[in-house]
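First comes the structure, then the notes that go with it.
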Amino acid sequence: MLIGVTCSISYDDESSSRRNLLANGLASTPPMGWNSWNHFDCMIDEKIIKETADALVSTGLANLGYKYVNIDDCWAEMSRDDKGALVPKNSTFPSGIKALADYVHSKGLKLGIYSDAGFYTCSKKMPGSLGHEEQDAKTFASWGIDYLKYDNCNNGGVRPTLRYPVMTEALMKTGRPIFFSLCEWGDMHPALWGYTVGNSWRTANDISDTWDSMVSRADQNEVYADFARPGGWNDPDMLEVGNGGMTKDEYIVHFSIWAISKAPLLIGCDVRNITKDTMKIIANKEVIAVNQDKLGVQAKKVRMEGDWEVWAGPLSHYRVAVVVLNRGSWPTSITAHWDDIGIAPHTSVIARDLWEQITVL
């Protein structure tokens, strides 16, 4: 259950430490959108991307904030052109990425793309950007790219703290604001250094569409809660909601934890064929509002007893968001104590269940 509580909580809303050191003016709240990898893997083409953009608009998801349409691995030819530039794969993106960006932009959306801080991407089906950072950044900017997911494969053993900042500088030189997602898998604790380099950073390895994988990524991500802030966010990986590997209730837990953790909300299912149950989860305006709250403080586990947990984090306007989570197989009653969630004893509150959308106190 995810609930919101209105009460008096003290916090610092104007801390100078919350400045975006990347200075691209992006990510004041976590990004929202869609990514191709979880559902389509390498089986992508420009038709899928266009239809996905259409679906984000027609379903109303775009109006809820899902603005990024992100192409993942396998979009480019294996060889660069005679000038060293990346080339869109002719068999799957015959119109080119610039034309695709124009189409996505015409829908009021933003286009994201993928590369790798290595010699090849993780699929080994296209070149990486290591050693070509400035050229590739210029290419992406010229195409109208708005988001870059930058992976960590085939890197020759060079430390990520040396590889990733090179692309940061290259992107900044283009003059185009491009959201920079560090897909470093959490290997070298990017939460500790990512804020000066990117707008988000992965805190764990790739997610899969299972309960165990999802809660494991949530646990690993929570460790770094203190490092998330407007301009730079912890990223436990993309959403699996709607891909079929978990139950409806498990997907509700998945979306609740990602929302309260201020994680990027990047849909990973096929939105062209989205079900009503999936829409009810990812289109819950009140839960999305927790994720997009301007205070930008990631929630933490504040109580753990056996199979149950309480997660809580402050929101703007003297509110707090709470997730009560039962990891066990049997129903149980869970109590979130006032002192656990930062509320003074005897405080009068108004509590709202954001999934049932009813006021419960």
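List of remarks:
- Selection of first residues in the stretch 233-248 that are on the phi > 0 side of the Ramachandran plot and touching a residue at least 24 places away in the same chain (Cβ under 8 Å) and of second residues that are of a type in the set (Val, Ile, Thr) and not in a strand (DSSP E or B), restricted to Cβ pairs under 9 Å at least 6 apart or on distinct chains, gives the following pairs, ordered by first then second residue: 237/203; 237/207; 242/271; 242/274; 242/275; 242/278; 242/281; 242/282.
- Yes/no for residue 268 being touching a residue at least 60 places away in the same chain (Cβ under 8 Å) and on the phi > 0 side of the Ramachandran plot: no
- For the stretch 211-264, a residue qualifies if it is of a type in the set (Val, Ile, Thr) and touching a Ser or Thr at 6+ places or on another chain (Cβ under 7 Å), and exactly one does: 241.
- Set 161, 139: member being part of a helix (DSSP H, G or I) and either in contact with a Ser or Thr (Cβ under 6 Å, 6 or more places away or on another chain) or under 28 Å from residue 188 (Cα atoms) (or both): 161
- Within the stretch 271-297, being within 20 Å of residue 322 (Cα to Cα) and either of a type outside the set (Val, Ile, Thr) or without any contact (Cβ under 8 Å) to a residue 40 or more places away in the chain (or both) holds for 280, 283, 284, 285, 286, 289, 291, 292, 293, 294, 295, 296.
- Single unsatisfied condition, residue 336 versus (1) crowded, with 20+ Cβ neighbours inside 10 Å; (2) at pLDDT 95 or above: (2)
- Residue under evaluation residue 106, criteria (1) out of contact with any Gly (no Cβ under 9 Å at 6 or more places or on another chain); (2) touching a residue at least 12 places away in the same chain (Cβ under 8 Å), criterion not met: (2)
- Restricted to strands (runs of 3 or more DSSP E) entirely inside the stretch 1-103, those with at least 2 residues that are at pLDDT below 95 and closer than 21 Å to residue 258 by Cα are 2-6.
- The residue that is surrounded by the fewest Cβ atoms within 10 Å (Cβ to Cβ), among those in the stretch 142-158 that are of a type in the set (S, T, N, Q) and assigned to a loop (DSSP other than H, G, I, E, B), is 154.
- Enumeration of residues in the stretch 328-358 that are over 29 Å from the mean Cα position of the chain (by Cα) and not in a loop (DSSP other than H, G, I, E, B): 338, 339, 350
- Residues that are out of contact with any Cys (no Cβ under 7 Å at 6 or more places or on another chain), within 25 Å of residue 227 (Cβ to Cβ), touching a residue at least 60 places away in the same chain (Cβ under 8 Å) and not charged (D, E, K, R) occur in the stretch 138-153; there is at least one.
- Checklist (1) under 26 Å from residue 267 (Cα atoms); (2) more than 24 Å from the chain's Cα centre (by Cα); (3) among the small types (Gly, Ala, Ser) applied to residue 283, failing item: (2)
- Residue check for residue 209: surrounded by fewer than 22 Cβ atoms within 10 Å (Cβ to Cβ), in contact (Cβ under 8 Å) with a residue 12 or more places away in the chain and farther than 12 Å from residue 30 by Cβ: yes
- Meets criteria (within 18 Å of residue 267 (Cα to Cα) and either in contact (Cβ under 8 Å) with a residue 12 or more places away in the chain or not in a strand (DSSP E or B) (or both)) for residue 215: yes
- Listed conditions (1) surrounded by 19 or more Cβ atoms within 10 Å (Cβ to Cβ); (2) touching a strand residue (DSSP E or B) at 6+ places or on another chain (Cβ under 9 Å) are all met by residue 317, apart from (1).
- Number of the condition not met by residue 131 [criteria: (1) over 30 Å from residue 315 (Cα atoms); (2) crowded, with 24+ Cβ neighbours inside 10 Å; (3) without any contact (Cβ under 8 Å) to a residue 60 or more places away in the chain]: (2)
- Test: residue in the stretch 271-280 that is surrounded by 20 or more Cβ atoms within 10 Å (Cβ to Cβ), out of contact with any helix residue (DSSP H, G or I) (no Cβ under 7 Å at 6 or more places or on another chain) and either closer than 22 Å to residue 61 by Cβ or of a type in the set (Val, Ile, Thr) (or both): yes
The values are calculated or read from the model by the stated rules, or taken from the named source; none is laboratory data. Predicted model, so just to flag it, every value in this text is computed and none were measured. As a convention, Cβ positions derive from the backbone with ideal geometry for all residues, glycine included, and neighbour counts pool all protein chains shown.
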